[in-house]
Amino acid sequence: MNIFADFNARVIKAVEALDLKDKDGAPLDLSRIAVEPPRDASHGDLATNAAMVLAKPTGQNPRALAERLAEALRGDADVAAADVAGPGFVNLRLHDGFWQAHLAALLGEGRNYGRSTIGGGRKANVEYVSANPTGPMHVGHCRGAVVGDTLANLMAFAGYDVTKEYVINDAGSQIDVLGRSALLRYREALGEAIGEIPAGLYPGDYLIPVGQALVKEFGGKLLQMPEDEALAIVKNRTIDAMMAMIREDLALLNVHHDVFFSERTLHADNARKIRSAIADLTLKGHIYKGKLPPPKGEKPDDWEDREQTLFRSTAVGDDMDRALVKSDGSFTYFAADVAYLKDKVDRGFVDLIYVLGADHGGYVKRLEALARAVAGDEVKLTVLLCQLVKLFRDGEPVRMSKRSGDFVTLREVVEEVGRDPIRFMMLYRKNDAPLDFDFAKVTEQSKDNPVFYVQYASARCHSVFRQASEQLGEANFDRNRLTASVASLSDEGEIGLIRKLAEYPRLIESAALALEPHRLAFYLYDLASSFHGHWNRGTDNPDLRFVKVNDRQLTYARLGLVQAVSDVLTSGLTLIGAEAPTEMR
């Protein structure tokens, strides 16, 4: 159903019929031929660069070659006109019958329209959020959650075998701090006056219920145990409580992971998985004993001027080699990353996607180098960095949350503006661009609010059917009857809407391949704008209105067009994780 892929094949067939020869005797490279929407819609329906990319290797003038190609394409039954423009573009205009037939096929596909097999069933792991289980989700996690979740949905729709994954960072010093913070709240729940929370512990009120739950389960017994024994129990209970809260917060945003991977499993059984991963790198020649030079600037607290076990990551693209085992025999944080990546590879994933905050930019090269060392060319690793989100209310920065202590929680934002504005607006900028989120602007009902504008288009589609039902006295409209009538559509605005709908399969494939889910939000806004524009034409000209009581055949055809717009809006909003409303409230 991707008309651009269809016509790309037709253009290549036409090129082959021209019997062109590479001037150097090599086979012609046809992979650079592209068919795309023209930048200016007045130039036609499709444009191809074939003549320009083939002119140099064949030693021909690009415009002259374009004229030959245009003449060949004029013989295509679906092509109404083929013209040469600029340095050698060939612009194609298609017959109305082609667009009518495409609309009929679209209606047959329904909400599966745009679904692709381009992913070829490749196993893809999309890891996103992965916040430390030390408190509630905050707005800083929100953007990565939406980007990762929508990307995973998009890739699955494009034919990938996708797993949505969250790694629980439940090992390390931050978990010790969490346990001590919860133990303090436990003592508070027993009636002890704890005073101000000491510096270095987590001060948020969200740990108060954890302390109360510990009292309910253990009474005062934890205070009678050795501290390390009590702390181990408290850490386990607190991690479980924090992860339950995180899952609830994510569910409010309609984010649901397939796998929650515990970092502690890498350290279990005497760190068997970490040792195995390091042994594997050793066999491949990537491990050596040595010293690392101090990093530029201030030395970090964990830097050692001693011999350590090092990963020769500079040999596979990193800026510096990385320590895996310290001089005292303990593992570095990166050693767990090595084992975790190998675990993903062992599970059969060939596309590894990490969605991280912008503050993790220093991890990109080391992860890419690690993937090369572990799996060579067998896997493709991509890191997407999400820039910060700044919160505003009527242009003024939003103050911090009382509940969390020092940040605005995700739950607070969802409860104030709703799930859909958050999910849509977090995609209305590319992930690596900063984003300003104004509570007032994302809830206003105007064209300037993209999510309202798109959802209003969905509601308008349904209102057309309600109006048709009232005026025609029909309770339901059979999709087959609508499909059979589409040949009645000939107005420029109607054909223009079909052209915009026809871009959807190409959008799905290109966004999935480029790992750019923001393209979907932009497309839906453009589609909504085209639909609203055509609606407004009907306001000014009664002949263009969707329902014409005295011409049922034309009405059915126009209802088919509205149904197709509704199908694509619903499909796209579902992939984003938002609702396609039937009416606005």
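The values are calculated or read from the model by the stated rules, or taken from the named source; none is laboratory data. These numbers come from a predicted model, not from an experiment. Heads up, the Cβs are rebuilt from the backbone with ideal geometry, glycines too, and the neighbour counts pull from every protein chain shown.
What the table below lists for this structure:
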{"quantity": "Which listed residue is modelled with pLDDT under 95, touching a Leu at 6+ places or on another chain (Cβ under 9 Å) and on the phi > 0 side of the Ramachandran plot, from Gly25, Gly44, Gly86", "calculated": "Gly44"}
{"quantity": "Residue, farthest from Glu579 (Cα to Cα), within segment 418-444, restricted to residues that are among the aromatic types (Phe, Trp, Tyr) and in a loop (DSSP other than H, G, I, E, B)", "calculated": "Phe439"}
{"quantity": "Residue within segment 73-96 that is out of contact with any strand residue (DSSP E or B) (no Cβ under 9 Å at 6 or more places or on another chain), buried (at least 20 other Cβ atoms within 10 Å of the Cβ) and of a type outside the set (A, V, I, L, M, F, W, C) present", "calculated": "yes"}
{"quantity": "Residue within segment 477-490 that is within 30 Å of Asp551 (Cβ to Cβ) and in contact with a Lys or Arg (Cβ under 6 Å, 6 or more places away or on another chain) present", "calculated": "no"}
{"quantity": "Residue among Leu527, Leu554 that is more than 30 Å from Ala158 (Cβ to Cβ) and either surrounded by 22 or more Cβ atoms within 10 Å (Cβ to Cβ) or modelled with pLDDT of 95 or more (or both)", "calculated": "Leu554"}
{"quantity": "Unmet requirement for Leu253, which otherwise passes all of (1) touching a residue at least 24 places away in the same chain (Cβ under 8 Å); (2) closer than 20 Å to Gly172 by Cα", "calculated": "(2)"}
{"quantity": "Residue match in segment 445-466 (condition: in a helix (DSSP H, G or I), farther than 26 Å from Tyr523 by Cβ and assigned by TED's automatic domain parsing to the domain that holds Leu515)", "calculated": "yes"}
{"quantity": "Total residues in segment 467-501, condition of a type in the set (Phe, Trp, Tyr) and surrounded by fewer than 16 Cβ atoms within 10 Å (Cβ to Cβ)", "calculated": "0"}
{"quantity": "Wholly enclosed strands (runs of 3 or more DSSP E) of segment 6-102 bearing at least 3 residues under 27 Å from Ala487 (Cβ atoms) and touching a residue at least 12 places away in the same chain (Cβ under 8 Å)", "calculated": "79-85, 89-94"}
{"quantity": "Residues located in segment 304-330, provided they are modelled with pLDDT under 85 and in contact with a strand residue (DSSP E or B) (Cβ under 9 Å, 6 or more places away or on another chain)", "calculated": "Glu304"}
{"quantity": "Search result, residues across segment 260-279 that are of a type outside the set (A, V, I, L, M) and without any contact (Cβ under 8 Å) to a residue 40 or more places away in the chain", "calculated": "Thr265, Asp269, Asn270, Arg272, Arg275"}
{"quantity": "Pairs where the first residue, in segment 188-213, is on the phi < 0 side of the Ramachandran plot and the second is of a type in the set (Ser, Thr, Tyr) and assigned to a helix (DSSP H, G or I), C-beta under 6 Å, 6+ apart", "calculated": "Leu201/Ser181; Tyr202/Ser181; Leu207/Ser181; Val210/Thr238; Gly211/Tyr186"}
{"quantity": "Filter pass, Glu109 being out of contact with any helix residue (DSSP H, G or I) (no Cβ under 6 Å at 6 or more places or on another chain), in a helix (DSSP H, G or I) and free of Cβ contacts under 8 Å to residues at least 12 places away in the same chain", "calculated": "no"}
{"quantity": "Selected residue [under 26 Å from Val162 (Cα atoms) and touching a helix residue (DSSP H, G or I) at 6+ places or on another chain (Cβ under 8 Å)] from Gly376, Gly357, Gly361, Gly348", "calculated": "Gly357"}
{"quantity": "Hits in segment 115-125 - residues which are in contact with a Ser or Thr (Cβ under 6 Å, 6 or more places away or on another chain) and assigned to a loop (DSSP other than H, G, I, E, B)", "calculated": "none"}
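Condition check ((1) surrounded by fewer than 16 Cβ atoms within 10 Å (Cβ to Cβ); (2) among the basic types (Lys, Arg)) across all residues:
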site: Lys344; (1), (2): no, yes
site: Lys380; (1), (2): yes, yes
site: Val389; (1), (2): no, no
site: Arg423; (1), (2): no, yes
